[in-house]
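The structure appears below as structure tokens.
The values are calculated or read from the model by the stated rules, or taken from the named source; none is laboratory data. For clarity, every value in this text was computed on a predicted model and none was experimentally measured. Reconstructed Cβ throughout: ideal geometry from the backbone, glycine too, with neighbour counts over all protein chains shown.
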Amino acid sequence: MNPEQRKEASELQLHKRGIRINVQLHVIESDEEVTLRKPDQLLARMLALWAVSTAAQARDCLPMRAYLATYQLESCLSAQESAFLFGAAPDEASYLQFAQSQEALYFLAWCAGLSDKIAVPATSSNLKPVLKFFPYALEAPDKLQAAIRPRSKSAIMDWSDLLYRLHWEVRHTQLTGRPCPASIDATVIKQWHQAVNWICQYEEENDWDKVSTET
């Protein structure tokens, strides 16, 4: 599918859901212009998101500190993630912020082939089927590494285009003071957009904290 066809397909999906379409939004890159992250990079990023989201939901950073230190995985973390896990006691806002990382984890898990189905999110994601691949205790992430079967570039690029347009609608509703359409979850859209831009190496940005989600 070329960029123009992908744009048309995304706009059709939005139209069917009654979501506002901005026809002025440009097409995204073609498949040939994009290089996806390698499986080892995907593994590291998923471990980081798993660590911070688990710690945030439990309101306890100590177990994940110990886990990452045991396997020398601290380098997987971004600067903000590291400050959250290894810094002073987080405040409630930080816990809420990093708990949302489970949504980026869910999307990357789908990209990694750990989840069979994905759809435009109207509610928070169910991570239960994905978490079975992650360590339950202080064990190496070998099971997760072995399970990674990255999806095709074409499938991921389809979502890159759709999330770009969905995120525009989310931001437009925020700017105009209108409620977000009930058929999409604004928080999930933002997290998925960051995740897809990261895996597609948007603007060649390698720092997770700086991955753009411009619309």
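Structure summary
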| read-out | value |
| --- | --- |
| Residue count, the stretch 99-122 (criterion: surrounded by fewer than 17 Cβ atoms within 10 Å (Cβ to Cβ), touching a Pro at 6+ places or on another chain (Cβ under 8 Å) and in contact (Cβ under 8 Å) with a residue 40 or more places away in the chain) | 0 |
| Some residue of the stretch 44-54 being under 18 Å from W192 (Cα atoms), surrounded by fewer than 21 Cβ atoms within 10 Å (Cβ to Cβ) and either among the aliphatic types (A, V, I, L, M) or at pLDDT 95 or above (or both) | yes |
| Evaluation of L138 against (1) of a type in the set (A, V, I, L, M); (2) under 30 Å from A66 (Cβ atoms); (3) free of Cβ contacts under 8 Å to residues at least 12 places away in the same chain (one fails), failing number | (3) |
| Selection from the stretch 17-32 of residues that are assigned to a loop (DSSP other than H, G, I, E, B) and surrounded by 11 or more Cβ atoms within 10 Å (Cβ to Cβ) | R17, I19, R20, I21, N22, L25, V27, I28, E29, S30 |
| Residue among L14, L43, L47, L96 that alone is of a type outside the set (S, T, N, Q), assigned to a helix (DSSP H, G or I), touching a residue at least 60 places away in the same chain (Cβ under 8 Å) and closer than 30 Å to H172 by Cβ | L14 |
| Residues of the stretch 99-118 that turn out to be assigned to a loop (DSSP other than H, G, I, E, B), within 13 Å of the chain's Cα centre (by Cα) and not polar (S, T, N, Q), as a count | 2 |
| The lone exception for A88 - which of (1) over 30 Å from Q13 (Cα atoms); (2) assigned to a helix (DSSP H, G or I) it fails | (2) |
| Residue, modelled with the lowest pLDDT, within the stretch 119-136, restricted to residues that are hydrophobic (A, V, I, L, M, F, W, C), part of a loop (DSSP other than H, G, I, E, B) and under 18 Å from I148 (Cα atoms) | L127 |
| Residue within the stretch 140-148 that is of a type in the set (D, E, K, R) and either at pLDDT 95 or above or in contact with a Cys (Cβ under 7 Å, 6 or more places away or on another chain) (or both) present | yes |
| Residue match in the stretch 78-97 (condition: under 19 Å from the mean Cα position of the chain (by Cα), among the small types (G, A, S), surrounded by fewer than 14 Cβ atoms within 10 Å (Cβ to Cβ) and more than 17 Å from D158 (Cα to Cα)) | yes |
| Every pair of residues 6+ apart whose Cβ atoms lie under 8 Å, when the first sits in the stretch 197-215 and is under 15 Å from S160 (Cα atoms) while the second is part of a helix (DSSP H, G or I) and among the β-branched types (V, I, T) | I199/I156; C200/I156 |
| Any hit, the stretch 176-190, residues being in a helix (DSSP H, G or I), farther than 18 Å from R45 by Cβ, over 17 Å from the mean Cα position of the chain (by Cα) and not small (G, A, S) | yes |
| Of the criteria (1) β-branched (V, I, T); (2) touching a residue at least 24 places away in the same chain (Cβ under 8 Å); (3) within 13 Å of V188 (Cα to Cα); (4) not in a loop (DSSP other than H, G, I, E, B), which one V170 fails | (2) |
